[in-house]
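Since every read-out is calculated from the coordinates, none of them should be taken as a lab result. Source: prediction; values computed, not measured. Neighbour counts run over all protein chains shown; Cβ positions are idealised from the backbone, glycine included.
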Amino acid sequence: MEKIRCHWATPKNPLYLQYHDEEWGIPLHDDHKLFEMLILESFQAGLSWECILNKREAFRRAFDEFDLETVCGYGEEKLAALGQDPGIVRNKLKIRAAVNNARIFRTIQQEWGSFDRYLWHWTEGKTIYETGKVSSELSDAVSKDLKRRGMKFVGTVIIYSYLQAVGVINSHEESCFCRRARTSAVHL
């Protein structure tokens with residue numbers, strides 16, 4: 001019997017199905033992965049998530065496995081090299097934003113003890129279950145705060161997608177096997 005998935009999880013791309021089944025909407029608390037997903041989501045702006053997902057391994061290689069300290073230290077030479085890398089999205093504004101956002105991510109870690117603690121404080125450590133939205137009061141508030149801190153490419157729609165990706169918001173459809181298989185047990 002075939003699993004029932006969210007309508008967007010088309011079976012044409014096995015990578016996309018794996019992402020849906022094993023990552024999307026699962027509460028994430030590892031700062032390294034939270035950083036990777038934030039950078040990838042910011043590159044998604046104006047593009048499809050499938051496009052970014054298909055390039056994720058190239059992004060990992062290009063951005064030194066998303067090592068936060070390494071990305072924070074990128075200078076003009078590395079930025080130029082990233083702008084020439086055919087495996088990633090070569091938008092110069094997004095590349096510069098990734099380095100800028102890395103530095104702000106690090107500042108948030110220092111302020112809160114971890115980015116995880118900062119991110120999950122917005123919901124008091126609980127997952128929100130909702131479908132059919134592209135933004136919310138929560139994504140508005142997180143986006144506004146990140147922008148105030150100086151992050152770029154973190155509008156409310158991108159942040160909503162990010163919150164879905166890292167499990168702060170679980171948007172698996174009611175009929176999806178992932179929604180039924182997961183609980184809201186989340187901790188800080």
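Tell me whether the stretch 37-83 comes out rounded, prolate or oblate; compute the Cα gyration tensor, take square roots of the eigenvalues as a ≥ b ≥ c, and use a/c under 1.5 as the rounded threshold.
Working: a/c = 1.98, a/b = 1.75, b/c = 1.13.
In terms of gyration-tensor shape, prolate.
Averaging over every viewing direction, what projected area does the convex hull of the Cα atoms of the stretch 16-127 cover, in nm²?
Working: hull surface 28.6 nm².
Approximately 7.2 nm², given one-decimal rounding.
Principal axis extents for the stretch 1-76, Cα atoms only, whole Å, descending order, please.
51, 26, 19
On a full-extension model of 0.36 nm per residue, what is the gain between W8 and R148, subtracting their alpha-carbon distance, rounded to one decimal in nm?
Gain on stretching W8 to R148: 47.1 nm.
Please label the shape of the stretch 83-169 as rounded, prolate or oblate, based on the square roots a ≥ b ≥ c of the eigenvalues of the alpha-carbon gyration tensor (a/c under 1.5 means rounded; beyond that, a/b larger than b/c means prolate, else oblate).
oblate
Under 21 Å between alpha carbons: how many lysine pairs meet that in the stretch 1-142, if sequence neighbours fewer than 8 apart on the same chain are excluded?
10
Between Rg and the Kirkwood Rh of the chain, both from Cα atoms, what is the Rg to Rh ratio?
0.96
Relative contact order for the chain: what is it in percent, counting Cα pairs under 8 Å that are at least 6 residues apart?
Contact order relative to length: 32 percent.
Please give the contour-minus-distance gain from D64 to I26: 0.36 nm per residue of separation, less the Cα-Cα distance, rounded to one decimal in nm.
Working: separation 38, 0.36 × 38 = 13.68 nm, distance 2.45 nm.
The span from D64 to I26 would gain 11.2 nm if fully extended.
Suppose a student asked you for the relative contact order of the stretch 1-98, using Cα pairs under 8 Å spaced at least 6 residues apart; what percent would you report?
Values: 52 pairs, mean separation 21.3, N = 98.
It comes to 22 percent, rounded to a whole number.
Output the peptides 116-124, 30-38, 15-23 sorted from most to least packed, where packing is the average of other Cβ atoms within 10 Å over each peptide's residues.
Top to bottom by mean Cβ count within 10 Å: 30-38, 116-124, 15-23.
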